[in-house]
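The values are calculated or read from the model by the stated rules, or taken from the named source; none is laboratory data. Note that the structure is a prediction, hence the values are computed from the model and not measured. Cβ coordinates were reconstructed from backbone atoms using ideal geometry, including for glycine residues, and neighbour counts include every protein chain displayed. The area values use the complete protein model at the heavy-atom level, side chains included, leaving out ligands, DNA and RNA. Shrake-Rupley method; radii C 1.70, N 1.55, O 1.52, S 1.80 Å.
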Amino acid sequence: MSMSTAMMRQFGSKSSARQRLLTTVAVARRTLSTFWSDVPQGPPDPIIGLNEAFAKDTFPQKVNVGVGAYRGDDGKPYVLPCVREAEQIINAAQLDHEYAGIIGEPQFVDLALKFAYGNDSPVLANKQVAGVQTLSGTGGLRLFGEFIRKFGHSHIYVPNPTWGNHIPIFQNSGLEVRKYRYYDTASSDLDYNGLLSDIGDAPAGSAVLLHACAHNPTGMDPTLEQWAEISQLVKSKGLLPFFDCAYQGFASGNAPQDAAAIRLFVEDGHNLALVQSFSKNFGLYGQRVGALSIVGQDADEASRVLSQLKICIRPSYSNPPRHGARIVSTILSDDRLTTDFIDQCKDMADRINSMRVQLRSILEGAGSDRSWEHVTKQIGMFAYSGLSKEEVTALRDDHHIYCTLDGRISMAGVTSGNVDYIANAIHEVTKK
Amino acid sequence: SFCDGGMSFLSEVPVGPPDAILGIAQAFRECTDPNKVNICVGAYRDENGSPWVLPSVRAAERKMIETDVKKEYAPIDGDQEFVKLALQFAYGADLDYATTAAVQTLSGTGACRIGGEFFGRFLGKGHKIYLPNPTWGNHVNIFKDCGLDVQRYRYYSSETNGLDLAGMLEDLKNAPEGSVILLHACAHNPTGCDPTLEQWKEISDAVKAINGVVFFDSAYQGFASGDAELDAAALRLFVSEGHKVTLAQSFAKNFGLYGERCGTLSILTNSAEEKAAVMSQLKLIIRPMYSSPPI
């Protein structure tokens, strides 16, 4: 007997209830007060709004180099073969869809942290780290913001520039967002002295957001020597380092290397915090897979912090979605799948780097009088082109090439099929 | 190791109490008694006490694997094809999608949170929201965190083990004009005690009299009586009575998709322009929270 038949028998015939419903329901549509008539139209998201505009464009050669989502050389979204394989495994296992705990799948959290901190990291072995599964990077950042605000923080420092969404995330957490110098537009390089100076001026105890690798949007990362200096500065000023790691494995193609700054800070004894996203490196954008971890003094502190993170999570979304975390766990818990993942992730990074080389060379070949050295010096998904707002607008209006107003070009959207078109268009809008 | 400055605030962080419901699930897991029983968390179990995945869900999963579903970001407001179907499921034929602002959410919790945040912004912080007494425990924390002033209306009489309609109507009558009134669409959690359709009409009139903003929480449509249309009767009554309701919808129980966090939030408006404005504001709430919902 089907479940619904059994219940019908239990609750009696449906027809009398339906009849009551039909006769009781009044057709009169009295217009009650308009609760929402004063709600103003809000601005579209600067990054995601671009996708919408692109979708409406009918120009055949249109190019979307706005959102940071990887594309293969065919210009199409790319699902990693190891992800496909993991899904087959999960599907064959016929797992249920029960609630994960508030912190998510413990196995996923464990594997995610090992991926960043290193399998043998002493802080993991000592259980000093409070770790939770989060709604990708955004969710982890928001959770951290809410947590530190709840426990006394009033502000957070972010680099200038930074990923656009960082600012509303922290503002909506109730924090004042302060900026430290990061990028020197004139030289298209890291403003290292500005960075040291501004971080040095931060009040003791301040949280400082650092991009672990492949800085978004500039693609300029400190060298390891510079990271060591930054670490000492942060330590001496008593600051709280908070790493945003969205590109591990995707930046250089070497996952441990991309985590070097994080591991250096851990070694230097910082009780840091880290948010990880698995959107780009695993290509699991839509699944919202991430983790937030906070290194405490000891296991007891980690345990207390974890209990408080749960209290922040529960009234927000109760517990995180399972599917994406299961995919990551399936891969990272298997040596062969992990190797496949590393190779496939490196392939993505390599393709992007080859596009950087090509873009720069075509621009130089076209006789551009600007320097395009930064295109190959920068790392990760984005090229911070240096194009002005007017040039970006011209790129869109005249050439149907869509990137954000700050001139950030998603190299992932560049292919061997469109790199000539893009380079020549950039040359057109930038030549005198 | 380094123990000054940045993280010293952590040393002040006290241990927090375990969640009233989920904490018990954890205690159950840790219990070693062979006769232990978990009748705490609201998740369906079959005759053998095991979780049950609906055959239709399995079939859908097979279909998804076969059709090679991509993993791109959903839009901020989620998959509108899904949202539209979800709304039709709840509102039925009377749905006017063109004037209904709706977003995909992280199940019911996420819908309540986004709804609460929206009320906090556009009705104002400190605006009153009335919850039944008792209600699902997490409701209180969700709306408090949204900056709303959480109030209660009488709902359940332990003397009669039934609805305290007189008490409820009186409390609604005395609520300030424009208060948000949260109603459980069916299968009230935790009492299991629902108003009859006639009583719902009385409640509708009472809320109308104070120009209340109706907020339905629907977590059991189809699961309560076994008849999805019947379980939506209260919601549809209120809509036909002219209330511009807000609805939080969860697919955790009826579809057994608990851990995948599948739900919607919808807000009835008066026009396509109003819908557009409300949608834009919902997106501004969602983007800095988690960017986009899980696909």
message: I want the antiparallel fraction of DSSP beta bridges within chain A, as a percent rounded to 5.
response: 50 percent
- request: Quick one: Debye curve from the alpha-carbon atoms of the protein assembly as shown only, equal weights, vacuum; give me log10 I(q)/I(0) at q = 0.05 Å⁻¹ to two decimals.
  value: -0.26
task: At 7 Å along the Cα-to-beta-carbon direction for both A:Asp350 and B:Lys36, put a label point, then send me their distance in nm to one decimal.
output: 5.0 nm
Inter-label distance for B:Asp96 and B:Tyr44, nm, one decimal - labels placed 7 Å from Cα along Cα-to-Cβ: 3.4 nm
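Accessible area lost on pairing A with B, both sides, 1.4 Å probe, Å² to nearest 100? List each step's numbers first, then the result.
On the way: alone 21100 and 16230 Å², together 28670 Å².
Between A and B, the summed buried area is about 8700 Å².
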Accessible-area composition of segment A:99-333, carbon plus sulfur, in percent [1.4 Å probe]: 47 percent
- request: Compare B:Phe216, B:Phe122, B:Phe89 in a GNM of chain B, Cα atoms joined below 10 Å, and give the one with the largest fluctuation.
  value: B:Phe122
statement: Taking a crude spin-label model, label points 7 Å out from Cα along the C-beta direction, the A:Leu196 to A:Ala125 distance in nm is 3.4 nm
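Per-residue ellipticity at 222 nm for chain B, helices alone: DSSP H runs ≥ 4 residues times -39500 (n - 2.57), over residue total, nearest 500 deg cm²/dmol?
Working: 10 runs with 111 residues, N = 295.
Taken over chain B, the calculation gives -11500 deg cm²/dmol.
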statement: Residue span A:Lys62 to A:Ser416: 0.36 nm per residue of separation minus Cα-Cα distance leaves a gain in nm of 126.0 nm
- line: Rounded to a whole %, the carbon-and-sulfur portion of the accessible area of segment B:56-152 at a 1.4 Å probe is 51 percent
- prompt: Hey, in the GNM for chain B with a 10 angstrom Cα cutoff, which one of B:Cys186, B:Cys31, B:Cys40 fluctuates hardest?
  reply: B:Cys31
task: Go through A:Lys346/B:Lys71; A:Lys114/A:Lys280; A:Lys280/B:Lys144; A:Lys56/B:Lys275; A:Lys150/B:Lys144 and tell me which ones have a Cα-Cα distance over 25 Å in this structure.
output: A:Lys280/B:Lys144
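How much length is gained if the chain between A:Glu229 and A:Thr185 is pulled fully straight, taking 0.36 nm per residue apart and subtracting their Cα-Cα distance, in nm to one decimal? Walk me through the numbers before you get to the answer.
Working: separation 44, 0.36 × 44 = 15.84 nm, distance 2.26 nm.
Result: 13.6 nm gained on full extension.
For B:Ala272 and A:Asp397, what is the calculated FRET efficiency with R₀ set at 22 Å and r taken between the beta-carbons, to the nearest 0.05?
Efficiency for this residue pair is about 0.20.
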field: Segment A:Val357-A:Glu267, extension gain: residue separation times 0.36 nm, minus the distance between their alpha carbons
entry: 28.9 nm
task: May I ask you to work out the translational diffusion coefficient for segment B:80-286 at 37 °C, viscosity 0.692 mPa s, via Stokes-Einstein with Rh from the Kirkwood sum over Cα pairs, reported in whole µm²/s?
output: 195 µm²/s
- request: Along each of the three principal axes of the Cα atoms of segment A:239-383, give the extent in whole Å, ordering the values from largest to smallest.
  value: 61, 36, 31
field: Separation between Cα centres of segment B:83-111 and segment A:336-363, rounded to whole Å
entry: 41 Å
- prompt: Average projected area of the Cα convex hull of segment A:99-333, in nm²?
  reply: 11.7 nm²
message: Counting just the Cα atoms, what span does chain A cover along each of its three principal axes? Round to the nearest Å and put the largest first.
response: 82, 58, 51
- line: For chain A, dividing by residue count, accessible area per residue (probe 1.4 Å) in Å² works out to 39 Å²
statement: With DSSP loop assignment and no more than 10 other C-beta atoms within 10 Å, the GluC sites (Glu not before Pro) in segment B:94-200 are B:Glu159, B:Glu177
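Tell me the net charge near B:Arg29. Cut-off is 13 Å between Cβ atoms, B:Arg29 excluded, with +1 for each Lys or Arg and -1 for each Asp or Glu.
On the way: positive: B:Lys36; negative: A:Glu98, B:Glu30, B:Asp33.
Spelling it out: positives minus negatives among the neighbours equals -2.
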Sites B:Ala209 and B:Ala20 - FRET efficiency at Förster radius 35 Å, r taken between beta-carbons, to 0.05: 0.55
message: Can you compute the helix-only [θ] at 222 nm over chain A? Use -39500 (n - 2.57) per DSSP H run of at least 4 residues, normalise by all residues, nearest 500 deg cm²/dmol.
response: -14000 deg cm²/dmol
statement: Mean-square fluctuation maximum in Gaussian network of chain A, Cα pairs under 10 Å, restricted to A:Tyr180, A:Tyr117, A:Tyr192, hits A:Tyr192
